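Below: the structure, in structure tokens.
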Amino acid sequence: MKYLIIGNSAAGINASDAVRTLDKKGDITIVSNEEFPAYGRPLISYFLSGKVKAENMNYRDEDFYSLRNIKLLLNTEAEKVDAVKKKVTFRGGGKVDYDKLLIACGSTPFVPEIKNLKEQKNVFTFLTYKDSIKLKEALSKDSKVIIAGAGLIGLKAAEGLYGQVEKITVIDLADRLMSSVLDKTAADIIEKHIKEKDIEVLHNIYIEEVEGKEKVKRVKFSNGDRPECDILIIAIGVRPNIKLAVSAGIKTERGIIVDEYMQTSQKDIYAAGDCVESLDMLSNENKVLALWPNATTQGETAGFNMTGKRHKAPASFAMNAISFFGLQLISAGIVSSGDANNLFSDTRGDKFRRLNIANDNLIGFVLINDNQRAGIYTALINDRTKLSSLEYDIKSKDIGLNIYPKEARKGKAWGKL
Ligand SMILES: Cc1cc2nc3c(=O)[nH]c(=O)nc-3n(C[C@H](O)[C@H](O)[C@H](O)COP(=O)(O)OP(=O)(O)OC[C@H]3O[C@@H](n4cnc5c(N)ncnc54)[C@H](O)[C@@H]3O)c2cc1C
């Protein structure tokens, strides 16, 4: 059996591991258009800051591939999939045939049309290890950095640069930070914390134009301001890589459509990770859940199914656990939409908690600097526990494991408590 995996990151690596667990003899080839063995993508901001050294970036041990007899083709870009002849063509020539194919090729930064942006040498995105290396090489202590986009990636870039440059300005079109996951109250707590680090944050602004030849010297904001800029980072968002799937005639929407076995609409082709849309158990809609743990689980599921073992991906929902400048943020489920009457919030100093309760179920939460109960809240969402069945009110500040009735506790890992 010939297994071909396109993408050498969370989804691809876990798929290859799962395949090898069940099929000791099949040929496994992983193709990556990057130059490095698999690394921890979320670590690139820590590499930028210097907290994580190059030798600690690897996602798996150096002998991961050789121990499992996996052929790794780096600097190799898959260009086209022929689902009938079961062949993948590479950019610059070369073809590989497969019996089972996994597309695990993640996403690409979205760079909007901005006047005069093309051909500028000091414009960066922040998605890959290479991006982080290039940024590190370009910065100096006099750099004035503008980051377009105040989402996870933009803020992580800001954190990585902090203390190494003269000025950091983060701008966003929305009226708050991380607008896709946080409401204004929660976003304001994070913003206050970031501003205390002397990072400038500007809202309701976008870049109309950049000024400079070969290198951006100033950017022109939509409010008319023209601040100086030595490094411009575009972190407006990412788009799932669906081109390969489209070339194979696979059904796609925003991402590649898969079933619960991570099988696409084409026979013997699977997809996993940031490039797919999967079922969000809370909204019952297909969504791109672009998160590392999600990619690993989906990759593993795809790997098992590629060997012929039927294995369903567990139901999932969006969950983010991030720290910015030492401040902990956890958000899960549906947090920023729905009926306002369902929302319960409390703020204590720099701690914030928001619960979203609908039809006697917890369907989402946000915790800032208050992560002790995240595990319980997550379990309540996962198990769809009726809140009225609990021993006391979930809104109580001091909830602990004894919130579960005694009988229910027995069935849990913490049953002895
Ligand atoms: C700065 C940053 C911080 C993050 N922090 C967190 C966090 O704290 N928690 C969290 O859960 N998630 C975080 N994420 C998101 C997480 O990294 C992704 O969800 C995860 O990497 C997705 O894994 P994947 O395997 O699906 O895709 P990717 O990791 O994107 O890997 C896909 C690979 O496929 C390659 N590829 C693409 N097209 C081709 C092609 N045609 N041919 C060959 N190779 C190809 C790509 O170059 C890439 O190497 C962060 C991401 C970034 C950028």
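The values are calculated or read from the model by the stated rules, or taken from the named source; none is laboratory data. Remember, predicted model here, so these are calculated numbers, not experimental data. As a convention, Cβ positions derive from the backbone with ideal geometry for all residues, glycine included, and neighbour counts pool all protein chains shown. Heads up: the accessible areas ignore ligands, DNA and RNA and are worked out on the full protein's heavy atoms, side chains in. Shrake-Rupley method; radii C 1.70, N 1.55, O 1.52, S 1.80 Å.
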Report, in whole Å, the centroid distance computed from the Cα atoms of the stretch 91-139 and the stretch 201-244. 17 Å
Taking only C-alpha pairs under 8 Å that are 6+ residues apart, what is the relative contact order of the chain in percent? 15 percent
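Sorting check: for 56-66, 210-220, which peptide has the highest mean count of neighbouring beta carbons within 10 Å, and how do the rest follow?
Working: 56-66: 14.3, 210-220: 16.5.
Highest mean packing first, the order is 210-220, 56-66.
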Of every hundred units of 1.4 Å-probe accessible area on the chain, the number belonging to carbon and sulfur atoms, as a percent, is 48 percent
Calculate, in whole percent, how much of the Cα-Cα pair population of the chain lies beyond 32 Å. 44 percent
Radius of gyration and Dmax for the stretch 3-43's Cα atoms, expressed in Å? 10.7, 33
The Cα extents of the stretch 22-145 along the principal axes, largest first and rounded to whole Å, are 55, 36, 20
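I'd like to compare 365-373, 341-349: which one has the highest average count of other Cβ atoms within 10 Å, and what's the full order after that? Walk me through the intermediate numbers first.
Details: 365-373: 20.0, 341-349: 12.8.
So the peptides 365-373, 341-349, ranked by packing, come out 365-373, 341-349.
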With a bin width of 5 angstrom, please list the P(r) values of the stretch 1-81 as percents of all Cα-Cα pairs, from the 0 bin to the one holding the largest distance. 3, 14, 25, 23, 16, 11, 5, 2, 0
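What's the long-distance tail for the stretch 285-366, i.e. % of Cα pairs beyond 14 Å? Let's see the in-between values first.
Numbers: 2368 of 3321 pairs.
Counting pairs separated by more than 14 Å, the tail of P(r) holds 71 percent.
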Over the alpha-carbon set of the stretch 97-159, divide Rg by the Kirkwood Rh and report the Rg/Rh ratio to two decimals. 1.09
Please list log₁₀ I(q)/I(0) at q = 0.13, 0.16, 0.24 Å⁻¹ for the stretch 54-109, using the Debye equation with identical point scatterers on the alpha-carbon positions. -0.47, -0.69, -1.12
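Once you have the Cα-Cα distance between Asp188 and Glu228, take 0.36 nm times their residue separation minus that, and quote the gain in nm to one decimal. Walk me through the numbers on the way to the answer.
Values: separation 40, 0.36 × 40 = 14.40 nm, distance 2.63 nm.
In short, 11.8 nm is gained.
Could you compute the net charge surrounding Ile146? Neighbours are other residues with a C-beta less than 14 Å from the C-beta of Ile146; K and R count +1, D and E count -1.
Details: positive: Lys144, Lys167, Lys215, Lys217, Arg218, Lys220, Arg226; negative: Glu166, Asp172, Glu200, Glu208, Glu209, Glu211, Asp225, Glu228, Asp230.
It works out to a net charge of -2.
What trypsin sites (Lys or Arg not before Pro) in the stretch 136-179 are in a loop by DSSP, with at most 13 other Cβ atoms within 10 Å of the Cβ?
Numbers: sites: Lys136, Lys141, Lys144, Lys156, Lys167, Arg176; in loops: Lys141, Arg176.
Answer by residue number: Lys141.
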Checked against a 21 Å limit on the C-alpha separation, the offending pairs among Lys118/Lys220; Lys251/Lys287; Lys71/Lys287; Lys24/Lys243; Lys115/Lys213 are Lys71/Lys287; Lys24/Lys243
Viscosity 1.567 mPa s, temperature 4 °C: give me the Stokes-Einstein translational D for the stretch 168-263 in µm²/s, with Rh taken as the Kirkwood radius over C-alpha pairs. 78 µm²/s
Considering only C-alpha atoms, what is the centroid distance from the stretch 313-365 to the stretch 168-186, in Å? 16 Å
Taking N as the number of residues in the stretch 100-202, what is its Cα Rg relative to 2.2 N^0.38 Å? 1.19
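Using 1/(1 + (r/R0)^6) with R0 = 22 angstrom and r between the beta carbons of Glu253 and Phe110, what's the FRET efficiency to the nearest 0.05? Before the final figure, lay out the partial values.
Details: r = 16 Å, r/R0 = 0.74.
In this case the efficiency is close to 0.85.
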Under 19 Å from Lys395, Cα to Cα: aspartates and glutamates that are on another chain or at least 8 residues apart: Asp183, Asp339, Asp346, Asp350, Asp360, Asp370, Asp383
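What is the local net charge at Ile368, summed over the other residues whose Cβ is closer than 10 Å to its Cβ (Lys, Arg +1; Asp, Glu -1)? Spell out each step's value before the answer.
Details: positive: Lys351, Arg353, Arg354; negative: Asp350, Asp370.
Residues near Ile368 contribute +1 overall.
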One computes Rg over Rh for the stretch 145-204 from alpha-carbon atoms, with the Kirkwood Rh, and obtains 0.93
For Ser316, what residues show an amide H to amide H distance below 5 Å, using hydrogens built from the backbone and excluding near sequence neighbours? Met281
